[in-house]
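Peer 1: Starting off with a structure, shown below.
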Amino acid sequence: MLLPTYQGKLEEYRLTGEPLSPRAPKVALTRTAFAAAHVISDPLAERGPWMSRPAVDWEATLAFRHGLWDQGLGLAEAMDTAQRGMGVDWPTALELIQRTMVAAKAHPMRPRVACGAGTDHVPLADLSSLAAITAAYRTQMEAIEAAGGQIILMATRALPAIKAGPEDYARVYDDLITQSAAPVILHWLGEMFDPALSGYWGARDIETANTVVLDLIGRHASKIDGIKISLLDQAHEEAFRARLPEGVRLYTGDDFNYAALIEGDGNHHSHALLGIFAAIAPAASQALEALAMGDSATYHALLAPTVPLSREIFKPPTQFYKAGIAFLSWLNGTQAHFVMPGGLQSSREIAHYAQVFRLADQARLLIQPDLAEKRMRSLLVTQGIDG
C-alpha cells in the first residue's frame, strides 16, 4: 500500500511484523504496571462534539479495559489519557470510574485500579483560593473512595493559575493526604503534557520542585503509595527515585525511556503508570513477564521496537498523544471507528498516522493485520490518497 511520509511523498509499504497474541502472564509480575486507558466515543449518539458532554460507548470502553486486565495489567482510570480537560468532563469521568470499579470487582484477576482525582468539575475562575482548590479535590476523592478506587491526586491547573508558591502546594497536599482513607499516588505531569502545569510545585527550578515533593513525601510516607513522574527526563527520574523513602514507589510516566527505567539500574527501578501501555499492552505484558523470569534479553527484544512507536505517538505537541492511542485501538478492532471526544482525532496529521501504522507493524502490535490494513486504507481515502 502507499503511505504518506513527512516529506510530502507517497511510499510503498508492506506489512512485515508477526503480531503478538494477547495473553495472561505465566508468572507473577515483579513490577506494578498501570495502563492509562482512553475513552471510546459513541459516534451515533454524539451531538455537538465541541460543545457538549461526550457520548461514550460504555460497552466498548469497558471491553477495552477487560482486555488490559486479561493481560495482567492494572488500570489508571480517568486520567489525562481519558481526555480529562480535553473533551471529557468530571460527570463523564465519574460515571467511567463507577462503571470501571464494578467491572474490576467482578473480574477474575481482581486487577488494581487507581483513579484520577482533580478539580476539573469547578470552573478555573472559581478556584481562586487554596480552600476552594482543596474542597474541589475532596469532592472527587470522596467519589472515588465511595466507588472503591485508589486515589491518584492529579496535577491541577488551578494551583499554577493562582501562582501558588511551594508553601501553598505543601498546605493543599498536606490536607488532601491527611484526609485520604488509603495511600494515594501523587502525580507530577510536565508542561509538555499540559502547558497549563508549567511551574508545578510552585517553582520553575527543578531542584526546588524536587525539594517540595520530597519533603511532602517525607512527611506522609505511610500514606503515599508512590509518585508518577511524567517529565520525559530519564536522568531526573533515576536521581529522584534514589531519594525516595523505602516503600514509596516511583511510577514512571516517561513514555520515551520506560524500558530502561522499569528494568532499573541494579539498585533501584521504576514501576509503570503509562499511557503507552494501553497501546502496546501485549508487548508490555509479555516483556514484564520476561523481566519477572530474569530474561532481560527477551524483555528488551519485546520493548525495544515499541520505543520508536511511543516517541512518535508522544511527539510534540505531546498533549495530543491520545489520538495515537485511539488510532491503534481502531486498527486493532477494539473499537469500530476512529472518533474521539471533542473530535480530537483531528489533532494529528495523516503522515503521523501513517508512521504510527508502520511502527506498530514493526513492533508486532497490529494484532489483526488484515483488518489494520483495511482500516488504514479507509483513512487514507478520506485524505484523498488511494492507498
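Read-outs throughout are calculated quantities, based only on the coordinates presented, and are distinct from any laboratory measurement. Quick caveat: nothing in here was measured; it's all calculated off a predicted structure. Ideal geometry is used to build each Cβ from the backbone, glycine not excepted, and the neighbour counts take in all protein chains shown.
Peer 1: Note down the relative contact order for region 54-204 as a percent, whole number, built from C-alpha pairs under 8 angstrom at least six residues apart.
Peer 2: On the way: 189 pairs, mean separation 30.3, N = 151.
Value for region 54-204: 20 percent.
Peer 1: Taking the 0 to 90 degree range and rounding to the nearest ten, how far is the long axis of helix 90-106 tilted relative to the main principal axis of the chain, both from C-alpha atoms?
Peer 2: 80
Peer 1: At what distance in angstrom do the alpha carbon centres of region 64-90 and region 153-213 lie from each other?
Peer 2: Computed from Cα coordinates, the inter-centre distance equals 22 Å.
Peer 1: Relative contact order for the chain using alpha-carbon pairs under 8 Å, separation at least 6, rounded to a whole percent?
Peer 2: Working: 680 pairs, mean separation 82.6, N = 387.
This gives 21 percent for the chain.
Peer 1: Ok, one more. Relative to the first principal axis of the alpha-carbon coordinates of the chain, what is the inclination of helix 130-147, with its axis defined by its Cα atoms, in degrees from 0 to 90 and to the nearest 10?
Peer 2: Tilt of helix 130-147: around 60 degrees.
Peer 1: Looking at the chain, how many pairs of lysines come closer than 23 Å at the Cα, when each pair is eight or more places apart or spans two chains?
Peer 2: On the way: Lys9/Lys315; Lys9/Lys374; Lys26/Lys105; Lys163/Lys228; Lys228/Lys315; Lys228/Lys322; Lys322/Lys374.
Pairs that pass both the separation and distance tests number 7.
Peer 1: Give me the Kirkwood hydrodynamic radius of region 1-92 in Å, from all C-alpha pairs, to one decimal place? Each step should come with its number before you reach the end.
Peer 2: Numbers: mean 1/r = 0.0607 Å⁻¹.
It works out to 16.5 Å.
Peer 1: Under unit Cβ charges (Lys, Arg +1; Asp, Glu -1), what dipole magnitude, rounded to 20 debye, does region 117-177 have relative to its Cα centre? Write down the numbers at each step before the final one.
Peer 2: On the way: 4 positive and 8 negative charges, 32 e Å.
In debye, rounded to 20, region 117-177 gives about 160.
Peer 1: Quick check for me: using +1 on Lys/Arg Cβ and -1 on Asp/Glu Cβ, what's the dipole size of region 40-148 about its Cα centre, in debye to the nearest 20? Display every interim value, and only then the final one.
Peer 2: Numbers: 9 positive and 13 negative charges, 54 e Å.
That gives region 40-148 a dipole magnitude of about 260 debye.
Peer 1: In whole Hz, with x marking every Gly and Pro, tabulate ³J(HN,Hα) for region 278-287 from phi via Karplus 6.51 cos²θ - 1.76 cosθ + 1.60, θ = phi - 60°.
Peer 2: Residue by residue, region 278-287 yields 5, 8, 10, 3, x, 5, 5, 4, 6, 5 Hz.
Peer 1: Continuing with the same structure: Provide, in order from the shortest bin, the percent of all Cα-Cα pairs of region 140-273 in each 5 Å bin, continuing until the bin that contains the maximum pair distance.
Peer 2: It works out to 2, 10, 21, 23, 22, 15, 6, 1, 0, in whole percents.
Peer 1: Place +1 on the Cβ of every Lys and Arg and -1 on the Cβ of every Asp and Glu in region 1-70, take the dipole about the Cα centre, and give the residue among Ala33, Thr16, Leu3 whose Cα lies farthest towards its positive end.
Peer 2: It is Ala33, whose Cα lies furthest towards the positive end.
Peer 1: Summarise the long-distance tail of P(r) for region 109-174 by giving the % of C-alpha pairs beyond 17 Å. Can you show the working numbers first?
Peer 2: Working: 883 of 2145 pairs.
Roughly 41 percent, once rounded to a whole number.
Peer 1: Let's see if you can work this out: charge +1 on each Lys and Arg Cβ, -1 on each Asp and Glu Cβ, no other charges. What is the dipole magnitude of the chain about its Cα centre, in debye to the nearest 20? If you can, show how the numbers build up before the last one.
Peer 2: Details: 33 positive and 42 negative charges, 102 e Å.
The calculation lands at about 480 debye.
Peer 1: If you take the Cα atoms of region 271-366, find Rg, then find the Kirkwood Rh from the mean of 1/r over all pairs, what is Rg/Rh?
Peer 2: Ratio of gyration radius to Kirkwood radius: 0.99.
Peer 1: Quick one: plug the Kirkwood hydrodynamic radius of region 128-208 (C-alpha pairs) into Stokes-Einstein at 25 °C, 0.890 mPa s, and report D in µm²/s. Write out the running numbers ahead of the final one.
Peer 2: On the way: Rh = 13.2 Å.
My calculation gives 186 µm²/s for D.
Peer 1: Here is a follow-up. With N residues in region 29-83, what two-decimal value do you get for its Cα radius of gyration over 2.2 N^0.38 Å? Provide the component values of the computation, followed by the final result.
Peer 2: Working: Rg = 13.4 Å, N = 55, 2.2 N^0.38 = 10.1 Å.
For region 29-83, the normalised Cα radius of gyration comes out at 1.33.
Peer 1: Place +1 on the Cβ of every Lys and Arg and -1 on the Cβ of every Asp and Glu in region 288-381, take the dipole about the Cα centre, and give the residue among Thr334, Val381, Leu365 whose Cα lies farthest towards its positive end.
Peer 2: It is Val381.
Peer 1: Report the calculated FRET efficiency for Ala181 and Ala301 (r = Cβ-Cβ distance, R0 = 41 Å), to the nearest 0.05. Please report the intermediate quantities before stating the final value.
Peer 2: Working: r = 42 Å, r/R0 = 1.03.
Calculated transfer efficiency: 0.45.
Peer 1: To the nearest µm²/s, what D does Stokes-Einstein give for region 63-113 at 20 °C and 1.002 mPa s, using the Kirkwood radius over alpha carbon pairs as Rh?
Peer 2: Values: Rh = 11.3 Å.
It diffuses with D of about 190 µm²/s by this estimate.
Peer 1: Further, regarding this structure: Each label point is 7 Å from the Cα along the Cα-to-Cβ direction; what then is the distance between the points at Val381 and Ser128, in nm?
Peer 2: The answer from the label model is 5.5 nm.
Peer 1: In degrees between 0 and 90, to the nearest 10, how far off the longest principal axis of the chain does helix 166-179 point, with axes built from Cα atoms?
Peer 2: Helix 166-179 sits at roughly 90 degrees to that axis.
Peer 1: Here's another thing I want to ask about it. What do you get for Rg/Rh over region 228-303 if you use C-alpha atoms and the Kirkwood form of Rh?
Peer 2: Working: Rg = 11.9 Å, Rh = 12.6 Å.
We get a ratio of 0.95 for region 228-303.
Peer 1: Could you compute Rg(Cα) / (2.2 N^0.38 Å) for the chain, with N its residue count?
Peer 2: Numbers: Rg = 20.3 Å, N = 387, 2.2 N^0.38 = 21.2 Å.
For the chain, the normalised Cα radius of gyration is 0.96.
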